[in-house]
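Student: A single structure is presented below for examination.
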Amino acid sequence: MTTLTLYDLAEPHACLRETRDAAEIATLLAPLGIRFERWAASVALPEDASDDDVIRAYRRDIDRLMAEGGYRSCDVIRLLPDNPARATLRTKFLDEHTHAEDEVRFFVEGSGVFYIRGADAVYALECTRDDLIAVPEGTRHWFDMGPAPRFTAIRLFAEPDGWVASFTGDAIARGVPLYEGSA
């Protein structure tokens, strides 16, 4: 279930607030410039679905988002617990970073957590099936898929290079609780 947890910046393990209400989540994230919406991931994907299958299944939503946001490319990131590179991939996303473009994700299966650093707290948003999140360029954040990842997300990009991170070098991500996976 989609959950937003706010952690204290000074004591990153201290939970300040938690909510599962989608409207409240959107309201709390809006001052950070974060777009959060609940959509309908209406297609059940088979275990062996290819990236092209996922894109075909959600082509109408992808085209609408691309036109709306001026995005020029998209891809699919899909990780399952048996992926031999899961630990390496998890580590890649765990350090705080920014991007020179928006980071847009539509979760069509599974879950993962976006951690966004605000001026007052770290906002940990557990995204699940049906969640659309858009993190504005330049926003400090990181992502945790857990030790046994299970998610499929469509990613949209303004630049054809795709996911390019600028790491901040700040250790804040190591102070906030890691994501252990959806129950």
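The values are calculated or read from the model by the stated rules, or taken from the named source; none is laboratory data. Everything numeric in this text was worked out from a predicted model, so none of it was measured. Counting neighbours? That spans all protein chains shown, and the Cβs are built from the backbone with ideal geometry, glycine included.
Student: Answer yes if at least one residue in segment 167-175 is β-branched (V, I, T), out of contact with any helix residue (DSSP H, G or I) (no Cβ under 9 Å at 6 or more places or on another chain), over 25 Å from H13 (Cβ atoms) and surrounded by fewer than 21 Cβ atoms within 10 Å (Cβ to Cβ), and no otherwise.
Tutor: The answer is no; no qualifying residue exists.
Student: Being touching a residue at least 60 places away in the same chain (Cβ under 8 Å) and in a strand (DSSP E or B) is the filter here; which residues of segment 133-163 pass it?
Tutor: I133, A134, V135, R150, F151, T152, A153, I154, R155, L156, F157
Student: From (1) touching a residue at least 24 places away in the same chain (Cβ under 8 Å); (2) within 23 Å of P147 (Cβ to Cβ), pick out the condition that doesn't hold for A85.
Tutor: Going through the list (1) touching a residue at least 24 places away in the same chain (Cβ under 8 Å); (2) within 23 Å of P147 (Cβ to Cβ), A85 breaks only (1).
Student: Another one. The conditions are (1) free of Cβ contacts under 8 Å to residues at least 12 places away in the same chain; (2) surrounded by 15 or more Cβ atoms within 10 Å (Cβ to Cβ); (3) aliphatic (A, V, I, L, M); (4) outside any helix (DSSP H, G or I), and A41 fails exactly one of them. Which is it?
Tutor: Of the numbered conditions (1) free of Cβ contacts under 8 Å to residues at least 12 places away in the same chain; (2) surrounded by 15 or more Cβ atoms within 10 Å (Cβ to Cβ); (3) aliphatic (A, V, I, L, M); (4) outside any helix (DSSP H, G or I), the odd one out for A41 is (1).
Student: Considering every residue within segment 89-112, establish whether at least one is at pLDDT below 90, more than 30 Å from L9 (Cα to Cα) and surrounded by 14 or more Cβ atoms within 10 Å (Cβ to Cβ).
Tutor: Taking every residue of segment 89-112 in turn, none turns out to be at pLDDT below 90, more than 30 Å from L9 (Cα to Cα) and surrounded by 14 or more Cβ atoms within 10 Å (Cβ to Cβ).
Student: A further question follows. Identify, from the list D63, D48, the residue that is part of a loop (DSSP other than H, G, I, E, B), over 25 Å from D170 (Cα atoms) and without any contact (Cβ under 8 Å) to a residue 24 or more places away in the chain.
Tutor: Numbers: D63 fails: part of a loop (DSSP other than H, G, I, E, B).
Result: D48 is the single residue among D63, D48 that is part of a loop (DSSP other than H, G, I, E, B), over 25 Å from D170 (Cα atoms) and without any contact (Cβ under 8 Å) to a residue 24 or more places away in the chain.
Student: Here's another thing I want to ask about it. Can you work out which of the residues in segment 84-118 that are touching a strand residue (DSSP E or B) at 6+ places or on another chain (Cβ under 9 Å) and of a type in the set (V, I, T) is farthest from V135 (Cα to Cα)?
Tutor: Result: V108.
Student: Among residues belonging to segment 10-38 that are part of a strand (DSSP E or B) and of a type outside the set (S, T, Y), point out the one that is nearest to A171 (Cα to Cα).
Tutor: Going residue by residue through segment 10-38, those that are part of a strand (DSSP E or B) are 15-19, 35-38.
Add one more test, that the residue is of a type outside the set (S, T, Y), and what stays is 15-18, 35-38.
Numbers: C15: 18, L16: 20, R17: 22, E18: 23, R35: 26, F36: 26, E37: 29, R38: 31 Å.
Ranking the candidates gives C15 first.
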